[in-house]
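The values are calculated or read from the model by the stated rules, or taken from the named source; none is laboratory data. All values derive from a computational prediction rather than experimental measurement. Glycine also receives a Cβ, built like all others from the backbone with ideal geometry; neighbour counts cover every protein chain displayed. The protein model used for the area step is the full one, side chains on, heavy atoms only, and it has no ligands, DNA or RNA in it. Shrake-Rupley method; radii C 1.70, N 1.55, O 1.52, S 1.80 Å.
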Amino acid sequence: MEAKTIKKIGVLTSGGDAPGMNAAIRAVVRAGFYYNLEMYGIYRGYEGMIQNDIKKLDSKNITHVLERGGTFLKSARSEDFRTAEGRKKAYNNLQNHGIDALVVIGGDGSLTGAHLFYQEYGIPSIGLPGTIDNDLSGTDSTIGFDTACNTAIEAIDKIRDTATSHDRLFFVEVMGRDAGFIAINAGIGSAAAAILIPENKTPIENLVDKLKSRSKAMKTSNIVIVAEGGKSGSAQEIADKVKKFLPYYDIKVTILGHLQRGGAPTSFDRLLASKLGVAAVEGLMQGKYDVMAGMINNKVVFTPIVKAIVDDKAVDEEDLRVANILST
Ligand code: ATP
């Protein structure tokens, strides 16, 4: 694609918030200033684009945001942006500000919206993978995933202390509605007895057998990690079923929930967000449109958004094998 001359870039964060979004915004804006571009913050994602909540950014806006969790541009889900009428309003607002390119930071839904918008209006746009779920193809890791895993592990370590003190069996529910990446990572990192992920259905009998064999091996406390929305049920449902087979066990359930979205980004996420933020601006200047900037084997890779959102990112079978060996 022949590169259009770009003067004003709008940046937004959309969908579920993720630690490192601030670092990504800051990198996009700093890179824009480096190339003498005007930079605009579009607040509350696509909703703010429709409601004209758009402000020119200066360097003060991005001071001391890199290290903060959340997103200072705020995030939202917008039903209106799913309608042609809503997108038309959004386009008119961008036109009025003279914004001629977009950087959209979000998950698969947000990037789907960016793709549709590009198809309809042809405004050069690039997506950045900003989601704790790590469920986008075209990048080894999404911005926020590493921090979410660290947060989950830190919480599970604390649960481990109380589980050990009382010989309890804990079911800990982590985020990841359709993807088991956080569950696998946190499960291996916290020596879980078992990891239940949405991609696989684990028969309850198998789980019970595993817990029984561990108790024979004198493992008196156990932690089972359950990804929310898995085929086997919620952590509470699984705990209730297991209780029938192991009535002598003191079973507890903890749902980590939104805790996993917060907190200062790890060094990994700061670096990833910073590199991808610069890549987004440079990509736009080079005429790379309707793509997502990701990092594969430590190199920036631009993947068509349609591929990044459609290709199912499979969990690593090797990770599952390792988890199984270490929990037997
Ligand atoms: P996460 O998975 O981390 O929650 P996400 O970006 O996938 O993030 P979604 O709620 O799926 O979150 O999408 C965010 C927003 O993107 C939606 O509220 C909507 O405004 C827009 N969007 C999603 N899908 C579409 C679509 N098919 N057409 C137009 N806009 C869409």
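Per-residue ellipticity at 222 nm, computed for the chain from helices alone with -39500 (n - 2.57) per DSSP H run of at least four residues, works out to -13500 deg cm²/dmol. Please name which of Pro247, Pro19, Ala280 has its Cα lying farthest along the dipole of the chain towards the positive end, using unit charges on Cβ (Lys, Arg +1; Asp, Glu -1) and the Cα centre as origin. The residue sitting most towards the positive pole is Pro19.
About the centre of its Cα atoms, region 1-77 shows a dipole size close to 120 debye [charges on the beta carbon of Lys, Arg (+1) and Asp, Glu (-1) only; nearest 20 debye]. Working from label points 7 Å from Cα in the Cα-to-Cβ sense, the Lys243 to Val310 distance is 4.6 nm. With each label modelled as a point 7 angstrom along the Cα→C-beta vector, the Asn324-His97 pair spans 5.1 nm.
Between 0 and 90 degrees, the angle of helix 21-34 with respect to the longest Cα principal axis of the chain falls at about 30 degrees. Ordered from highest to lowest accessible area with the whole protein assembly present and a 1.4 Å probe, Arg177, Arg68, Arg214 read as Arg177, Arg68, Arg214. If the chain linking Gln236 and Ile255 were pulled fully straight, counting 0.36 nm for each residue of separation and taking away their Cα-Cα distance, it would gain 5.9 nm. Of all the options Thr147, Thr303, Thr131, the one that moves most in a Gaussian network model of the chain with Cα springs shorter than 10 angstrom is Thr303. Heavy-atom accessible area for Asp157, with the other protein chains in place and a 1.4 Å probe, reaches approximately 80 Å².
Could you give the size of the charge dipole of region 196-327 about its Cα centre, using +1 on the Cβ of each K and R and -1 on the Cβ of each D and E, expressed in debye and rounded to the nearest 20?
Dipole magnitude for region 196-327 comes out near 460 debye.
Modelled this way, with points 7 Å down the Cα-to-C-beta line, the labels at Arg177 and Gln119 are 2.1 nm from one another. Surface listing: Tyr248, Tyr121 arranged by accessible area from highest to lowest gives Tyr248, Tyr121, probe 1.4 Å. For the chain, the fraction of C-alpha pairs farther apart than 31 angstrom is 36 percent.
For Tyr40, the residues 5 or more places off, or on other chains, whose built amide H falls under 5 Å of its own are Ile9, Gly10, Val11, Leu57. Looking at the chain alone, DSSP beta bridges between its own residues are antiparallel in about 20 percent of cases. 3J(HN,Hα) along region 254-270: 10, 9, 6, x, 5, 3, 6, 8, x, x, 5, x, 5, 4, 4, 5, 5 Hz, from the Karplus curve 6.51 cos²θ - 1.76 cosθ + 1.60 with θ = phi - 60°, whole Hz, x for Gly and Pro.
Is there a quick way to get the dipole size of the chain? I mean about its Cα centre, with the Cβ of Lys and Arg at +1 and of Asp and Glu at -1; what is the value in debye to the nearest 20?
In debye, rounded to 20, the chain gives about 460.
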